[in-house]
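One structure below.
The values are calculated or read from the model by the stated rules, or taken from the named source; none is laboratory data. Treat the numbers as computed from the prediction; the structure is a model and nothing was measured. Don't worry about glycine lacking a Cβ; one is built from the backbone with ideal geometry, like all the others, and counts go over all protein chains shown. In case anyone asks, the SASA skips ligands and DNA or RNA and just uses the protein heavy atoms, side chains included. Shrake-Rupley method; radii C 1.70, N 1.55, O 1.52, S 1.80 Å.
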Amino acid sequence: MRIVFDIGGTKIRVAASTNGRSLSHDPVVVKTPARFDEAMALFAKVVQDISLGSKIEAVIGGVPGEFDSTKSSLIWSPNLSEWIGKPLRSSLGIATGCERVILNNDAALVGLGEAVYGAGKGFPIVAYITISTGVGGARIIREKIDEARHGFEPGHQIIDLSSHSTLESLVSGSALKARLGKDPRNVSDPSVWEKLARQTAVGLYNLNLFWSPDVIVLGGSMIIGDPAISLPLIRAELNKLPSPFPMPVIKQSTCGDFGGLFGALTHSRQLL
């Protein structure tokens, strides 16, 4: 049995797989504790409940942020600041009773899931961008996460030089909440969402120049929620920008909240 997980800034998703290609049951979704020790205790309980005493051969999943050189602990994380520097990989091993724990960036695994199971299926080069609590993403080449020295952080590209505002600081859910003082779900002003579409378009314009993908898949609560940043508006804004080559296909993610779990499944097949 393999345990796959996706730890986000607000939710933890966990599932088991007996064949490495499909989930054995509906994923368990719980709120992410801010405290590291509480999160590990909760993770242990969830895994105990879903494994039902079966032997666990590997634990594979994603966490938001950047890891140290051995992918054992976080050295930076935008939404899990209290987890930085903690022994994440060894703690997950203790929590699950499994020595083989494989960690990767959460957005990279969601991108891999979308490339193999979702909206990017059939495209050789997939750029995945999630706009949710934060903004993340990755480039997937022929169903494998592209190599990178430090990982991918497209949300930290600078969009406004005068203020050094990044894409994440402009269009993420946490940024919108900080500016307006309310949850994005309660923001009904169309002009706000139109501006977010323009800002997102600039980020995708840059992404196309950097990564030259066949398709850009967009996911996250700011894209698939209600209200949300409109894909037709993003496309319209992109058409206004001069580009040295055409924009790729832009699609909405189709794996829902579980792209990271499908990405972890794929990653496990490639590594185990």
Next on the checklist: Take the residues in segment 177-211 that are surrounded by fewer than 16 Cβ atoms within 10 Å (Cβ to Cβ) and of a type in the set (Gly, Ala, Ser); name whichever of them is nearest to residue 233 (Cα to Cα).
Outcome noted: 191
Item to check | Unmet criterion (only one of (1) under 18 Å from residue 272 (Cα atoms); (2) free of Cβ contacts under 8 Å to residues at least 12 places away in the same chain; (3) touching a Phe, Trp or Tyr at 6+ places or on another chain (Cβ under 7 Å)) for residue 61 | outcome: (2)
Item to check | When residues of segment 217-272 are limited to those that are in contact with a Leu (Cβ under 8 Å, 6 or more places away or on another chain), at pLDDT 95 or above and of a type in the set (S, T, N, Q), the one most open to solvent (accessible area, probe 1.4 Å) | outcome: 252
Checklist outcome for this item: Counted residues in segment 103-141 being part of a strand (DSSP E or B) and over 22 Å from residue 67 (Cα atoms) come to 2
Item to check | Test: residue in segment 212-224 that is within 30 Å of residue 14 (Cα to Cα), of a type in the set (S, T, N, Q) and either outside any helix (DSSP H, G or I) or in contact with a Cys (Cβ under 9 Å, 6 or more places away or on another chain) (or both) | outcome: no
Next on the checklist: Regarding segment 14-35, can at least one residue be identified that is on the phi > 0 side of the Ramachandran plot, surrounded by 13 or more Cβ atoms within 10 Å (Cβ to Cβ) and touching a Pro at 6+ places or on another chain (Cβ under 8 Å)?
Outcome noted: no
Next on the checklist: Filter segment 59-72 down to the residues that are in a strand (DSSP E or B) and surrounded by fewer than 20 Cβ atoms within 10 Å (Cβ to Cβ) and list them by number.
Outcome noted: 66
Next on the checklist: Please verify whether residue 13 is at pLDDT 95 or above and touching a Gly at 6+ places or on another chain (Cβ under 7 Å), treating the condition exactly as stated.
Outcome noted: yes
Checklist entry - In segment 14-56, which residues are more than 21 Å from the chain's Cα centre (by Cα) and part of a loop (DSSP other than H, G, I, E, B)? => result 18, 19, 24, 25, 52, 53, 54, 55, 56
